[in-house]
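First up is the structure itself, then whatever we jot down about it.
The values are calculated or read from the model by the stated rules, or taken from the named source; none is laboratory data. If you're wondering where the values come from, they're calculated on a predicted model, not measured in any experiment. All Cβ positions, glycine included, derive from the backbone under ideal geometry; neighbour counts span all protein chains shown.
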Amino acid sequence: MAEVIIPLDFDSSEEALRLVDVLGADAGFYKVGFELYTRAGPAVIEALTTREKRVFLDLKLHDIPNTVAGGVRGARDLGVELLTVHIAGGAAMLQAAVEASGPDLHLLGVTVLTSLTPEDMETLWGREIRSIREEVGRLTGIAMTSGVSGVVASPLEASWIRKQTGDDFLIVTPGIRPEGSDPGDQNRVATPAAAVAAGSDYLVIGRAITQAADPSAALQSVLAEVRAASSVDG
């Protein structure tokens, strides 16, 4: 069954851990990104693992191979389960990251950020973009060849990726919004049920839970939708 990962996009570890404690045993997997990591550092990872929570460290590493390998080793030593690296860093960087990761840390290649439109990509890459799906597929091929465990992609590309990669390749999808939710700053979004149907392994669901008046009730609603969709998909 697909799993829900909750991003801790807060200004302080105190706020983040307060939510973790409120959600309790119903939430077991959390994402720590730039915002929280640059404020709280490794201590917030240690606080989560002490609470027996699984951690997705979303730092989107993109640097020369040796530097990225060092960052991967640091994440590995912290007990992180998932870690992001930019596929655009190239095959040598990805391979160095894989070699440094060890057996328990799974690397995820970042394909195309869910905030980007085709027009944005054309401006950035200086060429015509016929479809985002083609670009995501091209980058996914590089990730697979380099040995990473999976990719981060929008739910709109997940079904196509699954057909190309098979069941063992991980697909993590941000941009998940329950029906009627504000998409915020993301352009390629889908509901939890649609993401499960598309073949996502992990659904990153933030504001609909973390900014809800009752986060526990919001989480239960999301989990019920995921369970129902997983049952139909199975």
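Restricting attention to the range 71-86, does a residue exist that is within 21 Å of GLY141 (Cα to Cα) and more than 17 Å from the chain's Cα centre (by Cα)? No; the residues of the range 71-86 include none that is within 21 Å of GLY141 (Cα to Cα) and more than 17 Å from the chain's Cα centre (by Cα). Taking (1) in contact (Cβ under 8 Å) with a residue 12 or more places away in the chain; (2) closer than 18 Å to VAL98 by Cβ in turn, ALA27 satisfies each apart from (2). Every condition in (1) in a helix (DSSP H, G or I); (2) modelled with pLDDT of 90 or more; (3) in contact with a strand residue (DSSP E or B) (Cβ under 7 Å, 6 or more places away or on another chain) holds for ALA158 except the one numbered (2). Checking each residue of the range 57-67 against the condition of being in contact (Cβ under 8 Å) with a residue 40 or more places away in the chain and either at negative phi or acidic (Asp, Glu) (or both) gives at least one match.
Would you mind stating whether ALA2 is within 25 Å of ASP167 (Cβ to Cβ) and in contact with an Asp or Glu (Cβ under 9 Å, 6 or more places away or on another chain)?
Details: within 25 Å of ASP167 (Cβ to Cβ): yes; in contact with an Asp or Glu (Cβ under 9 Å, 6 or more places away or on another chain): yes.
Spelling it out, ALA2 is indeed within 25 Å of ASP167 (Cβ to Cβ) and in contact with an Asp or Glu (Cβ under 9 Å, 6 or more places away or on another chain).
Within the range 55-87, the set of residues being surrounded by 16 or more Cβ atoms within 10 Å (Cβ to Cβ), farther than 21 Å from PRO7 by Cα and of a type in the set (A, V, I, L, M, F, W, C) comprises VAL68, ALA69, ILE87. The set of residues in the range 112-146 being within 20 Å of VAL204 (Cα to Cα) and at pLDDT 90 or above consists of THR140 alone. Which of the residues that make up the range 209-234 are in contact with a strand residue (DSSP E or B) (Cβ under 8 Å, 6 or more places away or on another chain), crowded, with 19+ Cβ neighbours inside 10 Å and not β-branched (Val, Ile, Thr)? Residue satisfying the conditions is LEU219 alone. Filtering the range 191-201 for residues that are buried (at least 21 other Cβ atoms within 10 Å of the Cβ), assigned to a loop (DSSP other than H, G, I, E, B) and at pLDDT 90 or above leaves a non-empty set. For the range 19-54, taking the residues that are under 20 Å from LEU203 (Cα atoms) and among the basic types (Lys, Arg), the one that is surrounded by the most Cβ atoms within 10 Å (Cβ to Cβ) is identified as LYS31. Within the range 161-178, the residues that satisfy the criterion of being modelled with pLDDT under 90 and either within 14 Å of the chain's Cα centre (by Cα) or closer than 26 Å to ASP120 by Cα (or both) are GLN164, PRO174, GLY175, ILE176, ARG177, PRO178.
For the range 95-104, does any single residue satisfy the condition of being under 21 Å from GLU3 (Cβ atoms), polar (S, T, N, Q) and buried (at least 17 other Cβ atoms within 10 Å of the Cβ)? Scanning the range 95-104 turns up at least one residue that is under 21 Å from GLU3 (Cβ atoms), polar (S, T, N, Q) and buried (at least 17 other Cβ atoms within 10 Å of the Cβ).
Scan the range 120-155 for residues that are of a type in the set (Gly, Ala, Ser), out of contact with any strand residue (DSSP E or B) (no Cβ under 6 Å at 6 or more places or on another chain) and in contact (Cβ under 8 Å) with a residue 24 or more places away in the chain and the total you get is 5.
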